[in-house]
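Take a look at the structure below.
The values are calculated or read from the model by the stated rules, or taken from the named source; none is laboratory data. Model, not experiment: these values are computed from the prediction. When we count neighbours, we look across all protein chains shown, and the Cβ atoms used for this are built from the backbone with ideal geometry, even at glycine.
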């Protein structure tokens, strides 16, 4: 079993620990984080060492690493730590759930976190440092750019290309053969039918409450 170090001692680090521990062949040796953010010498019952000196105790010749950082500042912090870990010489591993469907030709980069119940059709390409939460559909020939974040229950139709450092919210839907620029934010429930320029933001209109409370409305409900 290859031993790894997880960067990140927040909720994302906790989630990454759970999935690597329960559905991978990697052994987690320790956690690391920037010294100013360390709150104790252990996290999830494992040692925590400052990132500034992690290579002294856990050298990259013997340990790989996973950078467990969320989408803060449109994925830029995860990108920054990804680059810093590489400069230190670490190989960055990916977590790919065993509970997904794909046809063997999916290409996946390093430091990706891909959870359960995905459908990857043929010729899907996932870049480096991409997080894909559970239950999404990726049509044929889809490409996801580096350092992006795809939330749950997203439908990405065939031929769609999503640029680097983009964020896609839950239940967003993309029509086939469109191109989404880099650093875009696609909000929850958005329906994207055309190309999107770099740094574009799409937010779906929220459902407005009906002008009647549930006691009165419920009187009209029948089986």
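Part of a loop (DSSP other than H, G, I, E, B), buried (at least 17 other Cβ atoms within 10 Å of the Cβ) and in contact with a helix residue (DSSP H, G or I) (Cβ under 7 Å, 6 or more places away or on another chain), is that true of residue 128? Break it down into steps so the answer makes sense when it comes.
Working: part of a loop (DSSP other than H, G, I, E, B): yes; buried (at least 17 other Cβ atoms within 10 Å of the Cβ): yes; in contact with a helix residue (DSSP H, G or I) (Cβ under 7 Å, 6 or more places away or on another chain): no.
Criteria not met by residue 128.
Take residue 171 and decide whether it is assigned to a loop (DSSP other than H, G, I, E, B), closer than 21 Å to residue 67 by Cα and in contact with a strand residue (DSSP E or B) (Cβ under 9 Å, 6 or more places away or on another chain).
Details: assigned to a loop (DSSP other than H, G, I, E, B): yes; closer than 21 Å to residue 67 by Cα: no; in contact with a strand residue (DSSP E or B) (Cβ under 9 Å, 6 or more places away or on another chain): yes.
Judged against the criteria, residue 171 is not a match.
Tally time: how many residues in region 75-90 are exposed (fewer than 15 other Cβ atoms within 10 Å of the Cβ) and assigned to a loop (DSSP other than H, G, I, E, B)?
2
Given the residues 67, 16, 87, 93, which is the only one that is touching a helix residue (DSSP H, G or I) at 6+ places or on another chain (Cβ under 6 Å), modelled with pLDDT of 95 or more and under 29 Å from residue 106 (Cβ atoms)? Don't jump to the end; show me each part of the working.
Details: 16 fails: touching a helix residue (DSSP H, G or I) at 6+ places or on another chain (Cβ under 6 Å); 87 fails: touching a helix residue (DSSP H, G or I) at 6+ places or on another chain (Cβ under 6 Å); 93 fails: touching a helix residue (DSSP H, G or I) at 6+ places or on another chain (Cβ under 6 Å).
From the options 67, 16, 87, 93, the qualifying one is 67.
Just to be sure before I move on: is residue 177 more than 15 Å from the chain's Cα centre (by Cα) and either within 20 Å of residue 12 (Cα to Cα) or in a loop (DSSP other than H, G, I, E, B) (or both) in the structure I sent?
Details: more than 15 Å from the chain's Cα centre (by Cα): yes; either within 20 Å of residue 12 (Cα to Cα) or in a loop (DSSP other than H, G, I, E, B) (or both): yes.
Criteria met by residue 177.
Out of region 101-115, which residues are surrounded by fewer than 19 Cβ atoms within 10 Å (Cβ to Cβ), more than 19 Å from residue 167 (Cα to Cα) and in contact (Cβ under 8 Å) with a residue 12 or more places away in the chain?
101, 102, 103, 105, 107
For region 202-223, give me each residue that is surrounded by 10 or more Cβ atoms within 10 Å (Cβ to Cβ) and outside any helix (DSSP H, G or I).
202, 203, 204, 212
Conditions: (1) closer than 15 Å to residue 106 by Cβ; (2) not in a loop (DSSP other than H, G, I, E, B). Residue 122 meets all but one. Number of the miss?
With respect to (1) closer than 15 Å to residue 106 by Cβ; (2) not in a loop (DSSP other than H, G, I, E, B), residue 122 is out only on (2).
Check residue 109 against each of (1) modelled with pLDDT under 95; (2) within 17 Å of the chain's Cα centre (by Cα) and name the one condition it does not meet.
Against the list (1) modelled with pLDDT under 95; (2) within 17 Å of the chain's Cα centre (by Cα), residue 109 comes up short only on (1).
Condition first: part of a helix (DSSP H, G or I) and modelled with pLDDT of 95 or more. Now tell me which residues in region 37-60 satisfy that.
Narrowing region 37-60 to residues part of a helix (DSSP H, G or I): 37, 51-57.
Passing the criteria: 51, 52, 53, 54, 55, 56, 57.
Does region 113-126 hold any residues that are closer than 21 Å to residue 12 by Cα and touching a strand residue (DSSP E or B) at 6+ places or on another chain (Cβ under 6 Å), and which are they?
If we filter region 113-126 for residues that are closer than 21 Å to residue 12 by Cα, which is where we start, we get 113-118, 126.
If the condition is that a residue be closer than 21 Å to residue 12 by Cα and touching a strand residue (DSSP E or B) at 6+ places or on another chain (Cβ under 6 Å), then 113, 114, 126 are the ones that fit.
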